[in-house]
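Working notes, structure below.
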Amino acid sequence: MKKSFLLLISVCISALTLAQQTKTSWDSVNFSGVKLRSVGPAFMTGRIADVAIDPKDESHYYVAVGSGGVWETKNAGTTFDPIFEGQKVYSIGCITIDPNNSSTIWLGTGENVGGRHISFGDGIYVSRNGGKTWTNMGLEESEHISKIVVHPTNPDIVWVACQGPLWNKGGERGVYKTSNGGKDWKKVLGDSEWIGATDLLIDPRNPMILYAATWQRHRTVASYIGGGPQTAIYKSLDGGDTWTELKTGLPSGNKGKIGLAISPQNPDVLYAAIELNLKKGAVYRSENQGANWIKMSDQISGGTGPHYYQELYACPHSFDRIYMANNYLLVSDNGGKDFRNVKNQHKHVDNHTVVFKQNDPDYLMVGTDGGLFESFDLAKNWKHMGNLPITQFYKLAVDDAEPFYNIYGGTQDNNTQGGPSRTDNKSGIDDNLWQIVLGGDGHQPATEPGNPSILYAQSQQGYYNRVDLVTGERVSIRPQPREGENYDRYNWDAPILVSHHNPSTIYVASHRLWKSENRGDSWITVSEDLTRNEERFDLPIMGRKQSFNSPYDVYAMSTYNTITSISESPINKDLLYIGTDDGIIQITKDGGANWKKINVKSLPGAPERAYVNDIKADLFDENIVYVVLDNHKEGDYKPYIFMSKNQGNTWKSIAGDIPENNYVWRLVQDHKQPNILFAGTEFGIYVSLNQGNKWHQLKGGVPTISFRDMVIQKR
C-alpha cells in the first residue's frame, strides 16, 4: 500500500546532514538521502472541498481536499490513500465521476471559495483508470474550478464552471464545454476580466438543459469585493452552446456568490441562494425551470461569509428538503421557506459539501474545515473520520524538552496543536499524543529557550496568549493601546518573536512594534506606526478605485497596513528589522529610537509594494539580512528572496533558479554553516549550499504541498 505522507504546510527539519557537505561541489551532492518523515497529526484533519461516491459501490469514494490533493477509500473511510501527490498543484475545487464509466474521474484544481488562505490550481485533470494516473486536459489559467458536469450518455461532452483567478483579472473564467473529451474547450459563458462561473446544473431528464451561476469577484491584500452587477443565473436549452439570463422574480443590481440546486424528484423545481450587498441575501425557488422565481426567505450563509460557503444541496429522498453550506449547516424541509441548524454536537463547523447515498435516506456525509463527518441517523449523531492527515498548518515552533522535543503549529480553523517529535511508544507518534493548546485559527506560536513549559500561541489577528503547559493556564497577553489612542491593527497572521538575548523578552507587532521584558505581563511600544497607514477603500480593486457603496465584504477582509515580520539580530540586540503587508521594510539600529524606512520597490526586480513574508537577520554576520517578498495576492506568483550585506543599504536577489509560479513563504539559515539556506515555497522545500546562488529541491518522499514555515531544532 502506498505510504500516506502527512500533507503539512509546515515542516520541521534538521540541516545537520547537509552541513557536512559544504566542501563538496554542488552537482555531486546526493540529495536523495535527505528524507522527511511524517510526525502527524490527523486527529483534526482539514478542509474538504468535494466528495464523489462511486454509484456502483458506495463504500468506494474520492475526497477532494482544499489544501491536500485527492484521497481514495475503498472501505467506507476505514483507510485512505493519496492519489494525486505527484502532480504540480495540491489545491482541489471539485471532483466528478463519469456516469458512463466509474473508472473515469474528472478533477478541477483550485479551491472553489474566495478565502484569503487558499492556493490556486492549474486546470482540469482526468484519470481513465480510477486515479492511478492523471492527465492535465487544459484550462490551466482557470486557477479555481467550481463544478464539472459530464454528459450522462456521451462521455466526450463535459461542461466546466471556472471561477477564474481570485487575485487578478483575466485567465480562463466562465463556463467551458468540450465535445471531444477535453482535447479542445470552448468558452460559452462569462467574460475575459472578472466574470467567472461558480455553479452548474444539468436537468437529469434532458442533458440539453443546463443552468449556471456566474460570479463577479476580486480579492487583493487590502480588500475583497464579492459581487457585482454581472453576477447572474443563466439557462441553456441547447447543451450549453447559448445562454439566457433568468431574471423574473430575481433581484437586480449587485449580487455575490450564488448556489444552485435542482430537485431530484421534480427537476422543474430549482433553488437558488443569492448573496446581496452587505452580507444580506435570500433563497429563491422556481417551479417552472427558472421562468419565474419566488423569494422563500432571507437566509444567507453566515460565519466567514457567503464567499466561503453558499452551496445548495437538494435531498434525493425528500422533496423540497435542501441543505445550505454554512458555518453551521442549515436545512429546510419546505423549499427554503424556513431553515434550521443541523445538529452539530461532535462535528466541526464550516461546511463545504454535502453528500447523500441513493439507497439510505438516513445517511449524510459532510465535508468541513475539520474533515469528513458522516451520520447514519439523519444528523442526530456524527462520526468523524479522523484518519486524513490534511491539516493546513500556517506557522510552527519547537521547544527543547527532553528527551524528545515538541512541535507546535498554528492551523487553519483547527486551533494551535502540539505533539512530540519522537516517542518511545511502540506504535510511534499516535494522534492521541497530539493536543490542542489554543483555539481558533492558529497562527505563529513561539517557545522559550530553556523553559519548555512556556508556550506562546495566538488566534487570528493578534490574540496572543501565554500558555503554561504544566498547569494548563492560559493568559491573554495582547498589548492594549494607551488611553486616547486608536485601536491597533494586527495582521491575520500576526508575528511574535522571542529575543535571542533574553528568553523572557518577547516582541509582537500590530501596526507598531511592541516589546515585553516579562513574558507579556506588561508592554512598551518600540515604535509608532511603521506602515503606510492608508484608507484601504481608496486603493484600486477590480481594476479601479471603487465607490464605498460597492459590494465590499468588510468582514471577509483581513486587517491591512500591518506588520507581518520581526527579526532581531542575534549579535546585536539593538538591531531590529520589521516587514509589513503594504511593502515596507523598517530598520532600527538603536532598539527603536530611530527607524529607517525602505520601500520594497527599491529592491532589484521587486514588485511595487509586495507583502513581506519573512525577514531574517543573519545568525553569523551583523551586517547581513535576508527578506522574502510575496506578491501572489496581486496575481504575481514569482519567488522573491533578497539579501543585503550592509544592513539594508543595498540588496541583491538570491531567488535564483527557484521555479516561476512558486512564491516563497519562509527562509531559514543553518545554525552551523552560514552559507546553507532553506526556502519554504508554495510547492516544496529548497536548499542552497552557497547563500542563494543555487537552489535544489528537497523532495525526500514529500508530496506536492505548500511549506509555509520551517524551523531547525538546534540541539
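Look at the stretch 283-302 and say how many of its residues are among the hydrophobic types (A, V, I, L, M, F, W, C) and either under 13 Å from S332 (Cα atoms) or in contact with a helix residue (DSSP H, G or I) (Cβ under 9 Å, 6 or more places away or on another chain) (or both).
3
Need the failing condition index for K132 against (1) in a loop (DSSP other than H, G, I, E, B); (2) in contact (Cβ under 8 Å) with a residue 60 or more places away in the chain, just the number.
(2)
So S644 passes all but one of these: (1) open to solvent by 10 Å² or more (accessible area, probe 1.4 Å); (2) over 22 Å from the mean Cα position of the chain (by Cα); (3) not hydrophobic (A, V, I, L, M, F, W, C). Which condition number does it fail?
Failing condition for S644: (1).
Of all the residues that make up the stretch 66-100, how many are in a loop (DSSP other than H, G, I, E, B) and under 15 Å from S119 (Cα atoms)?
8
Can you name every residue in the stretch 247-271 that is open to solvent by 20 Å² or more (accessible area, probe 1.4 Å) and either over 27 Å from the mean Cα position of the chain (by Cα) or of a type in the set (S, T, Y) (or both)?
K247, T248, G249, L250, P251, S252, G253, I262, P264, Q265, N266, D268
Just to be sure I understand, how many residues within the stretch 405-423 are polar (S, T, N, Q), open to solvent by 20 Å² or more (accessible area, probe 1.4 Å) and within 27 Å of N351 (Cβ to Cβ)?
Residues meeting the conditions: 1.
List the number of the failed condition for N561; all other conditions in (1) open to solvent by less than 10 Å² (accessible area, probe 1.4 Å); (2) assigned to a strand (DSSP E or B); (3) in contact (Cβ under 8 Å) with a residue 60 or more places away in the chain hold.
Failing condition for N561: (2).
For the stretch 219-269: of the residues being part of a strand (DSSP E or B) and of a type in the set (V, I, T), which is modelled with the lowest pLDDT?
That would be I225.
Against the definition (farther than 28 Å from S252 by Cα and open to solvent by 50 Å² or more (accessible area, probe 1.4 Å)), how does F356 come out, yes or no?
no
Only one of G66, G86 is small (G, A, S) and surrounded by fewer than 19 Cβ atoms within 10 Å (Cβ to Cβ); which?
The unique qualifying residue is G86.
Considering the stretch 37-72 alone, what residues qualify as being in contact with an Asp or Glu (Cβ under 7 Å, 6 or more places away or on another chain) and under 14 Å from F84 (Cα atoms)?
Y62, A64, G66, G69, W71, E72
Across the stretch 181-224, what is the number of residues that are open to solvent by 10 Å² or more (accessible area, probe 1.4 Å), under 17 Å from T244 (Cβ atoms) and not charged (D, E, K, R)?
Here the count works out to 9.
Scan the stretch 528-536 and tell me whether some residue there is open to solvent by less than 50 Å² (accessible area, probe 1.4 Å) and modelled with pLDDT under 95.
yes
The values are calculated or read from the model by the stated rules, or taken from the named source; none is laboratory data. What you see is a predicted model; the values in this text were computed from it and never measured. Here the Cβ is made from the backbone with ideal geometry for all residues, glycine too, and neighbour counts use every protein chain on show. Surface accessibility is based on the protein's heavy atoms, side chains included, excluding ligands, DNA and RNA. Shrake-Rupley method; radii C 1.70, N 1.55, O 1.52, S 1.80 Å.
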